[in-house]
Structure formats: C-alpha cells, structure tokens
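K.L.:
Have a look at this one.
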Ligand code: B1M
C-alpha cells in the first residue's frame, strides 16, 4: 500500500510510532511536507472528527489520533518553516469567564489544528477583555467560545457582546459546549454553533470559505 495511505491509517488509529516512521518514509520518497499534510494528515483528522461526531470513537481514541498527528507534524514543521509555509488561517479559542472545563475546548482546538488552522488557545476562565486583547494581537479569522455550565452561558453572551462592541478587528465567532444550542447561538448573534469537535472543524472551514474574513488586512 502507498506510504501516504498507510500514514493516513496510522493517524486514524493513533499509532504515533508508525506515523513517525511513515512520515519519514513519505518524505524520503519525494513527497513534499505540504503534500503529506494535505493527502494524509488532514484527511485522517477529518475521518477522526467524523467518527467522533457519529459516536464511533470517543475522547481517548481522539486524543491518541491527535498525538499521532502531532508526532507527524513535528517532523514536517521544520520543512514547512524552511520553505516559508505558514497556516492560512488563525483561530483563537477559550472557555469563557467563570468556567474551568477544558476537555471539550481542547478537542475543538485539536480538530482545528488538524484542519490546518494556527490555533491560539487562551485556556479557561477567559475574560471578555482577554479575548479582545488576543484578537487585537493575533488578528484571527475565527474565535471559538466554549461554555460547559448553564451558569456560564450569560458570560458567553457577554463575551460576544463585548467583542462586537469593541474596536477590535472583525472576526467570526463559533460557540459550543454541552448546554449551548443553535437557538442560543442565534439569540446571542454568534456566527455559528457546533455540537462537537468534528462539527466545529466543518463550521470553521465553512466560515473561512464563505469569505468576508480575509477582507481585513492581516499582518
Ligand atoms: Co463539571 N460539571 N463542574 N467538572 N463536569 C459538568 C459539566 C456537569 C454536567 C456535571 C453534572 O452535574 N452532571 C455540571 C454542569 C451542570 C450544568 O451546568 N448544567 C458540572 C458542574 C456543576 C461543575 C461544578 C459547578 C461542580 C462544583 O464544583 N459544584 C464545577 C464548576 C467549576 C467551574 O467551571 N467553575 C465543576 C468542575 C469540574 C472539574 C474541574 C472537576 C472537571 C473539569 C476538568 C476539566 O475540564 N479540565 C469537571 C468535569 C470533568 C465534568 C464532567 C464530568 C465532564 C465534562 C467533560 O469534559 N465532558 C461533566 C459531566 C458530564 O459531562 N458527564 C461536568 C467531555 C467533553 C468532551 O464534552 O465539554 O461537552 P464537552 O465538549 C464537547 C461539546 O460540548 C463540544 O465539543 C466537545 C467534544 O464533542 N464543545 C464545543 C465544547 N466546547 C465547544 C466549543 C465549540 C464547539 C463545540 O466551538 C468553539
């Protein structure tokens, strides 16, 4: 079987050592780093996201797949840097103020990275000012807000309101978390709602593909 196909499979099943060997082999066979990412790693993470969405795999399997992808990426990154290749899109993500849950947020960050975004993870208990400062600094295309407690849903609404009212560059906002819904997203004026990490990757890609995002001049 073709090395690229084997690498795809190694990442999907979370075989980190296999992913390392196959990444080196793919490069030695003349594949470029970008080609390895586009043909093996990104499709692998898309498959992982889809399986997670359909409850065919769960958090542990997703974490080992992410570790395998990270192993492969660590071998590819020096080549990308040398070639001056950087991710096309940037996303910021954080759990809103008052909320310390980060497992779901971390999975979304993993999927966004696996989809090719540069992700700045602000962590948990992030204030509206914390999001705004990060938007001004990193000029992201997408901002992700996570809330897992019903009691922190108002903080999510407040964060979105503060972002919109600020003078920070325009961004698309995706929200998610167990108590959050499409209806809530519409009520507070978010650009998208995602029920799980796989859907969050799909939504982020949809938003950047829909355009209007790169209209803002970036550094
Ligand atoms: Co807490 N906790 N917790 N907790 N905790 C819940 C959420 C709870 C449902 C438990 C319960 O009562 N049955 C309940 C919330 C009730 C409610 O609000 N309706 C609860 C409570 C009440 C609390 C405390 C208040 C308990 C207390 O101290 N009295 C306290 C609050 C602390 C705080 O945040 N201020 C608390 C604390 C904690 C721990 C610190 C102990 C720990 C968190 C550890 C950590 O995250 N590092 C914890 C945990 C682990 C849980 C449970 C057990 C698991 C949450 C989790 O990680 N789920 C949870 C009960 C449960 O769910 N069984 C519970 C797995 C994760 C993958 O799912 O986060 O939903 P989830 O993420 C999903 C989607 O929601 C979505 O994608 C993810 C992957 O599919 N998603 C997004 C999430 N963010 C997204 C963002 C997106 C898009 C999709 O776009 C940006």
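The values are calculated or read from the model by the stated rules, or taken from the named source; none is laboratory data. Because the structure is a prediction, the values reported are computed rather than measured. Neighbour counts are summed over all protein chains in view; Cβ atoms, including those assigned to glycine, are modelled from backbone coordinates with ideal geometry.
K.L.:
As an exercise: evaluate residue 208 against (1) within 30 Å of residue 80 (Cα to Cα); (2) assigned to a helix (DSSP H, G or I); (3) within 13 Å of the ligand (Cβ to nearest atom) and give the number of the one condition it does not meet.
P.N.:
(3)
K.L.:
Please verify whether segment 69-91 includes one or more residues that are within 14 Å of the ligand (Cβ to nearest atom), modelled with pLDDT of 90 or more and surrounded by 23 or more Cβ atoms within 10 Å (Cβ to Cβ).
P.N.:
Looking for residues that are within 14 Å of the ligand (Cβ to nearest atom), modelled with pLDDT of 90 or more and surrounded by 23 or more Cβ atoms within 10 Å (Cβ to Cβ), one finds at least one in segment 69-91, hence yes.
K.L.:
Sticking with this one: Taking segment 53-63 on its own, how many of its residues are at pLDDT 95 or above and buried (at least 17 other Cβ atoms within 10 Å of the Cβ)?
P.N.:
1
K.L.:
Looking at 169, 140, 128, 179 in this structure, which one is surrounded by fewer than 18 Cβ atoms within 10 Å (Cβ to Cβ) and either within 14 Å of the ligand (Cβ to nearest atom) or modelled with pLDDT of 95 or more (or both)?
P.N.:
Values: 169 fails: either within 14 Å of the ligand (Cβ to nearest atom) or modelled with pLDDT of 95 or more (or both); 140 fails: surrounded by fewer than 18 Cβ atoms within 10 Å (Cβ to Cβ); 128 fails: surrounded by fewer than 18 Cβ atoms within 10 Å (Cβ to Cβ).
Of the residues listed, the single one that is surrounded by fewer than 18 Cβ atoms within 10 Å (Cβ to Cβ) and either within 14 Å of the ligand (Cβ to nearest atom) or modelled with pLDDT of 95 or more (or both) is 179.
K.L.:
Kindly provide the set of residues from segment 107-123 that are buried (at least 18 other Cβ atoms within 10 Å of the Cβ) and more than 7 Å from the ligand (Cβ to nearest atom), ordered by number. If you could, list the steps in order and put the result at the bottom.
P.N.:
Of segment 107-123, the ones buried (at least 18 other Cβ atoms within 10 Å of the Cβ) are 107-117, 119, 121-122.
Passing the criteria: 109, 110, 111, 112, 113, 114, 115, 116, 117, 119, 121, 122.
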